[in-house]
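Taking it in order: structure first as structure tokens, then the write-up.
The values are calculated or read from the model by the stated rules, or taken from the named source; none is laboratory data. In this text the structure is predicted, and so the values were computed from the model without any measurement. Cβ: placed from backbone, ideal geometry, glycine included. Neighbour counts: every protein chain shown. The protein model used for the area step is the full one, side chains on, heavy atoms only, and it has no ligands, DNA or RNA in it. Shrake-Rupley method; radii C 1.70, N 1.55, O 1.52, S 1.80 Å.
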Amino acid sequence: MFRTALLRSASAKLVANQAIKSQARYFSPSMNKVILMGNVGQDPKIIQFENGKKLATFSLATSRRYKDGEGNLVEQTEWHKVRFNNEKAELVERLIKKGALVTIDGSIRYDSFNKDGVEIHTTNILATNFEIKAFPKRVNPEEQAEGQSGEDA
């Protein structure tokens with residue numbers, strides 16, 4: 001009985017190992033996933049193609065704070081190029097404005113193109129979803145006019 005159980009467990013391990021190796025051919029154990037939260041740098045730019053599809057692009061600032069070797073507080077800001085396609089581009093066009101605090105998720109894309117004989121490399125975030133955490137502060141037109149007058153109150 002013990003020998004039968006041992007053979008069964010050994011053969012079960014062999015079958016399991018073969019199944020894992022078989023699946024490895026079809027499943028790549030890698031991931032390209034990005035989640036960012038930051039402030040939108042400018043209103044999204046919208047491109048509409050001849051086929052009716054849209055592309056929305058904007059820059060997103062993420063910052064981190066740390067103390068340097070001398071104990072000074074340092075803030076470092078990174079700018080990310082974010083792209084949304086099709087239906088999400090339409091939502092971005094309607095909802096996202098400069099200054100909004102948003103969370104996006106998607107994947108990193110590395111592209112290159114040739115411009116005037118020079119190969120240009122770019123890094124973009126191809127985003128699939130977004131969530132607006134805070135809308136930008138709206139300025140009342142009267143307050144804006146007062147602020148631009150240059151007169152002190």
Please work out which residue is farthest from the chain's Cα centre (by Cα), limiting yourself to segment 38-47 and to residues that are surrounded by fewer than 15 Cβ atoms within 10 Å (Cβ to Cβ) and assigned to a strand (DSSP E or B). Ile47
Per the filter on segment 122-137, residues open to solvent by 70 Å² or more (accessible area, probe 1.4 Å) and touching a residue at least 40 places away in the same chain (Cβ under 8 Å) are Thr123, Thr128, Lys133
Answer yes or no as to whether Gly69 is at pLDDT below 95, in a helix (DSSP H, G or I) and farther than 14 Å from Leu36 by Cβ. no
Filter segment 81-117 down to residues that are part of a strand (DSSP E or B) and small (Gly, Ala, Ser), then give me how many there are. 3
Scan segment 48-65 for residues that are more than 17 Å from the chain's Cα centre (by Cα) and open to solvent by 80 Å² or more (accessible area, probe 1.4 Å) and jot them down. Gln48, Phe49, Glu50, Asn51, Lys53, Arg65
With respect to Ser149, determine if the residue is at pLDDT below 95, open to solvent by less than 70 Å² (accessible area, probe 1.4 Å) and at negative phi. yes
